[in-house]
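**Student:** Let me begin by handing over the structure; questions about it come next.
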Amino acid sequence: MAVDVNAIELFLSVAQAKSFRAAADRAGVTRSAVSQAIGRLEAELGIALFVRTTRSVNLTEAGQLLLDRVAPAMADLSAAITSTQELAGRPSGLLRLAVSSIAERFIAGPLLASFVEIYPEIELDVFITDDEFDIVAAGYDAGVRLGEIIEQDMIAIPVSDDQRQATVASPAYLARHGRPLHPKDLTGHRCIGWRPAPSVAPYRWEFEEDGQAFDVAVAPQVTTNDMGLMLRMALSGSGITCGMEETFRPFVERDELVPLLEEYLPSFAGFFLYFPSRRNLAPKLRALVDHVQVSRKR
């Protein structure tokens, strides 16, 4: 049986006030409207809830049973509605993000650290992954990926400048094996490659020459799905590796790594925070979007 919540609320009001008139005044309706609603409720339940006389209104045994069961439930419902309305008004709750492992600026620390400092009532759950999947179906509020692989029906907010790939090696490696002059020379070098999963072929290194894109299928001596390991292996002199320029920048600035083949590596769209819709955006996600946009202007 479908429950008429309005009728239940009127029932509670009459039961608590022991008066149809007082309940009508409290609800802002006529006494007749209250009486008709109670009458329909009694008809649906098949039992009288009140004993009415010209001088008093009292609960029947069935009415008292309904009051005892319904009053706590309605209180819980009211509290739930209030909590939901409060949640809609302030940034709080669990915010789940699926973030690419190479979104260096986003996961470096300062941006997220300042966010949780400003919004202490938001619990941040960040899953680092390079798998491509439906973030909505997986229960995430938003994701961070390179713009070129974000679905077109998503809202996307930039979290970085345009990006550029870099190929790098340590000075020690170059002293032993020489410097490649063209991307095709990489096939004769020791390379440290990346692939997202064991069942996927190693990533083909992408370049551009005279406006034409091409890639090189290097044969990595070491392959991994961890950029941190790729970086450490390159620093140790194990070979040439390829990744995001900003990942390698601090090590290049300290002369621990040397950039290679720069003239063959064009820039491309960077990383974006993406989510399915702007409509009724949860305050916790709106807070992150605003924080990202303010941070990018600094």
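**Student:** Does the range 140-164 hold any residues that are open to solvent by 40 Å² or more (accessible area, probe 1.4 Å) and outside any strand (DSSP E or B), and which are they?
**Tutor:** Initially, the range 140-164 is screened for residues open to solvent by 40 Å² or more (accessible area, probe 1.4 Å), giving 141, 148-149, 151-153, 155-156, 158, 161-162, 164.
Listed by number, the residues that qualify are Asp141, Glu148, Ile149, Glu151, Gln152, Asp153, Asp161, Asp162.
**Student:** Another question, if that's okay. Go through (1) in contact (Cβ under 8 Å) with a residue 24 or more places away in the chain; (2) part of a strand (DSSP E or B); (3) open to solvent by less than 80 Å² (accessible area, probe 1.4 Å) for Glu206 and report which single condition fails.
**Tutor:** (3)
To keep it simple, each residue is scored yes or no on (1) surrounded by 16 or more Cβ atoms within 10 Å (Cβ to Cβ); (2) within 29 Å of the chain's Cα centre (by Cα); (3) at pLDDT 95 or above; (4) assigned to a strand (DSSP E or B).
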{"position": "Pro196", "(1), (2), (3), (4)": "no, yes, no, no"}
{"position": "Phe214", "(1), (2), (3), (4)": "no, no, no, yes"}
{"position": "Pro220", "(1), (2), (3), (4)": "yes, no, no, no"}
{"position": "Phe251", "(1), (2), (3), (4)": "yes, no, yes, no"}
{"position": "Arg279", "(1), (2), (3), (4)": "no, yes, no, no"}
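**Student:** Still on this structure, please answer the following. I need every pair where a residue in the range 58-75 that is over 18 Å from Asp4 (Cα atoms) has its Cβ under 7 Å from the Cβ of a residue that is part of a helix (DSSP H, G or I) and of a type in the set (Ser, Thr, Tyr), sequence separation at least 6 or different chains.
**Tutor:** No pair meets every condition.
**Student:** Determine, yes or no, whether Glu42 is open to solvent by 80 Å² or more (accessible area, probe 1.4 Å), part of a helix (DSSP H, G or I) and at pLDDT below 90. Steps first, answer last, please.
**Tutor:** On the way: open to solvent by 80 Å² or more (accessible area, probe 1.4 Å): no; part of a helix (DSSP H, G or I): yes; at pLDDT below 90: yes.
When the stated conditions are applied, Glu42 does not pass them.
**Student:** Among the candidates Ala79, Ala71, Ala88, Ala62, single out the residue that is over 43 Å from the mean Cα position of the chain (by Cα) and either modelled with pLDDT of 85 or more or outside any loop (DSSP other than H, G, I, E, B) (or both). Show your work before the answer.
**Tutor:** On the way: Ala79 fails: over 43 Å from the mean Cα position of the chain (by Cα); Ala71 fails: over 43 Å from the mean Cα position of the chain (by Cα); Ala88 fails: over 43 Å from the mean Cα position of the chain (by Cα).
The unique qualifying residue is Ala62.
**Student:** Inside the range 164-191, can you point out the residues that are in contact with a helix residue (DSSP H, G or I) (Cβ under 7 Å, 6 or more places away or on another chain) and under 24 Å from Phe106 (Cβ atoms)?
**Tutor:** Passing the criteria: Arg164, Gln165, Ala166, Val168.
**Student:** If you don't mind, another one. For the range 252-293: of the residues being acidic (Asp, Glu) and in contact (Cβ under 8 Å) with a residue 40 or more places away in the chain, which is nearest to Glu123 (Cα to Cα)?
**Tutor:** Glu256
**Student:** If you check every pair at least six apart or on different chains, which have Cβ atoms under 8 Å apart with a residue in the range 17-31 that is assigned to a helix (DSSP H, G or I) and among the hydrophobic types (A, V, I, L, M, F, W, C) first and a residue that is modelled with pLDDT under 85 and open to solvent by 100 Å² or more (accessible area, probe 1.4 Å) second?
**Tutor:** Ala17/Arg26
**Student:** Look through Leu174, Leu181 and report the one residue that is outside any loop (DSSP other than H, G, I, E, B) and at pLDDT 90 or above. It would help to see each step written out before you state the result.
**Tutor:** Working: Leu181 fails: outside any loop (DSSP other than H, G, I, E, B).
Testing whether each residue is outside any loop (DSSP other than H, G, I, E, B) and at pLDDT 90 or above leaves just Leu174.
The values are calculated or read from the model by the stated rules, or taken from the named source; none is laboratory data. Only a predicted model underlies this, so the values are computations on that prediction, with no experimental measurement involved. Quick reminder, even Gly has a Cβ in these numbers, built from the backbone with ideal geometry, and neighbours come from all protein chains shown. When the accessible area is computed, the model is the full protein with side chains, heavy atoms only, and any ligands, DNA or RNA have been set aside. Shrake-Rupley method; radii C 1.70, N 1.55, O 1.52, S 1.80 Å.
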